1. Kindly establish whether residue 4 is within 9 Å of the ligand (Cβ to nearest atom) and over 19 Å from the mean Cα position of the chain (by Cα).
2. Kindly evaluate residue 222 against the criterion of being within 12 Å of the ligand (Cβ to nearest atom), assigned to a loop (DSSP other than H, G, I, E, B), in the same structural domain as residue 31 (by TED's automatic domain parsing) and of a type outside the set (Gly, Ala, Ser).
3. Do the conditions hold for residue 77, that is, is it assigned to a helix (DSSP H, G or I) and free of Cβ contacts under 8 Å to residues at least 60 places away in the same chain?
4. Going residue by residue through the range 15-27, is there one that turns out to be touching a Leu at 6+ places or on another chain (Cβ under 6 Å), near the ligand (Cβ under 6 Å from one of its atoms) and closer than 30 Å to residue 270 by Cβ?
5. Only one of 51, 46, 4 is closer than 30 Å to residue 203 by Cβ, in a strand (DSSP E or B) and of a type outside the set (Val, Ile, Thr). Can you tell me which?
6. How many of the residues in the range 92-106 are farther than 18 Å from residue 279 by Cβ and either touching a strand residue (DSSP E or B) at 6+ places or on another chain (Cβ under 7 Å) or surrounded by fewer than 22 Cβ atoms within 10 Å (Cβ to Cβ) (or both)?
7. Among the listed residues 172, 231, which satisfies the condition of being surrounded by 17 or more Cβ atoms within 10 Å (Cβ to Cβ), assigned by TED's automatic domain parsing to the domain that holds residue 322, in a strand (DSSP E or B) and in contact (Cβ under 8 Å) with a residue 24 or more places away in the chain?
8. In the range 178-198, how many residues are more than 10 Å from the ligand (Cβ to nearest atom) and in a loop (DSSP other than H, G, I, E, B)?
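The values are calculated or read from the model by the stated rules, or taken from the named source; none is laboratory data. All of these numbers come straight from a predicted model, not from anything done at the bench. Neighbour counts are summed over all protein chains in view; Cβ atoms, including those assigned to glycine, are modelled from backbone coordinates with ideal geometry.
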Amino acid sequence: MKNLISFWEKESFLQFDVVIVGGGLVGLSTACELIEREKNIKIAILERGILPTGASTKNAGFACFGSPSELLSDAKNYGWEYVLTFVEKRLRGLEKLEKRLGTKNIDLEKSYGGYEIIQPTQLYVIEQLNELNQILKKVPFFENLPNKNNIYQSITKENIKKFGFENVNAMLHTPHEAQLHTGNMMKTLYLYAQKLGISIFTGAEVNHFEQQNQKVIINTTQNITFTSNYLLITNNSFYQQFSNKNNIKAGRGQVFITKELEKNLSFMGNFHLEEGFYYFRNVGKNRVLLGGGRNLDFEKETTTDIEITDIIQNELEKKLKEIILPNQNFEIEMRWAGIMAFTDNHQPIIEKISENIGVAVALNGMGVAIGTKVGEELVNLFF
Ligand SMILES: Cc1cc2nc3c(=O)[nH]c(=O)nc-3n(C[C@H](O)[C@H](O)[C@H](O)COP(=O)(O)OP(=O)(O)OC[C@H]3O[C@@H](n4cnc5c(N)ncnc54)[C@H](O)[C@@H]3O)c2cc1C
């Protein structure tokens, strides 16, 4: 498409101090961090979708630091130091997100906590619970808490029955997990950013950028060219389009939500199964949101296509029927998918690629928790 830009447009709309590619949680957090520090800085966010179209508006809204089986698996693969660093980072990220946006605005519900459901193949988690709790008490966030010795606690058999689940061998609980309303979180963040004077262009897909002297020239698919002193790229799994390093793998996450059930749920809170590969929660008092199952079909789920598949949706329904809502009728109201990005060492990529171009991508499926901190770290690289 030819696009003849006017002098006025160029003067007022297309020149910035900082341009950010990607209007997800990280792009917005980066912009807010920067303008909170430098009030007069001119920032634009370029988002290709009318709504953010990656993971930030599609996720499950778990404000969590990892379930016991997930943390034990992380310790095995990446070491305890990694676990300590990322539990701390997730909790601090959530603390900052809440402070920035306000508890009520994001419907942050802290009273239920988080649970891990243990099935026969995960009984090792119970055996290693003491060791895990010993490690977790070293996390600085927990240091002054009265229950720091028992971040995760076993639930008695009697109490497990009250949840109404079936095929569950044991359950663990932590009070340090919360749930939020993903849509309200992102909407509040958009409004906050706009209030601070950040320009957000939606439907603006960046297809090329290049350095010209001290500036960065950024083109969109509509042939609109922005000029900026700095370019910060926060487009998560879609960063592959700009990089030939091949160090990021996309990971699709599929989810569904039930229609309102006839009676209220006998459980509230966030629930994790199988090293975090499955997760469910209440939404309100009588709906269940359930997601995961990427491990069933890793190859097909390594994609940036925002679609759902039968194999995963059927397994999610099976889990709902056999474990979560046995003997209860339910209907599915909506199904959707979002795209995460993973790295081999399970660490986000936050780096300078030149003196005035930076990247913060690949949040390894924990962006609600660490996204705010990742934005802060990206800003720290330059300002
Ligand atoms: C189903 C699901 C459940 C999840 N549940 C949780 C959870 O409970 N707790 C948790 O902590 N994390 C969870 N996550 C992970 C979390 O949502 C992500 O880590 C986080 O949202 C990543 O934010 P981001 O800003 O880096 O990426 P994104 O939200 O993907 O944002 C990137 C943006 O860049 C835009 N973009 C891409 N290319 C371009 C381009 N060329 N030009 C302009 N714009 C572009 C995209 O449209 C997108 O809006 C979940 C993810 C999924 C998919």
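1. Values: within 9 Å of the ligand (Cβ to nearest atom): no; over 19 Å from the mean Cα position of the chain (by Cα): yes.
Spelling it out, it is not the case that residue 4 is within 9 Å of the ligand (Cβ to nearest atom) and over 19 Å from the mean Cα position of the chain (by Cα).
2. So residue 222 passes the test.
3. No.
4. The answer is no; no qualifying residue exists.
5. On inspection, the qualifying residue turns out to be 46.
6. 10
7. That would be 172, the only listed residue that is surrounded by 17 or more Cβ atoms within 10 Å (Cβ to Cβ), assigned by TED's automatic domain parsing to the domain that holds residue 322, in a strand (DSSP E or B) and in contact (Cβ under 8 Å) with a residue 24 or more places away in the chain.
8. Residues flagged as more than 10 Å from the ligand (Cβ to nearest atom) and in a loop (DSSP other than H, G, I, E, B) within the range 178-198 amount to 4.
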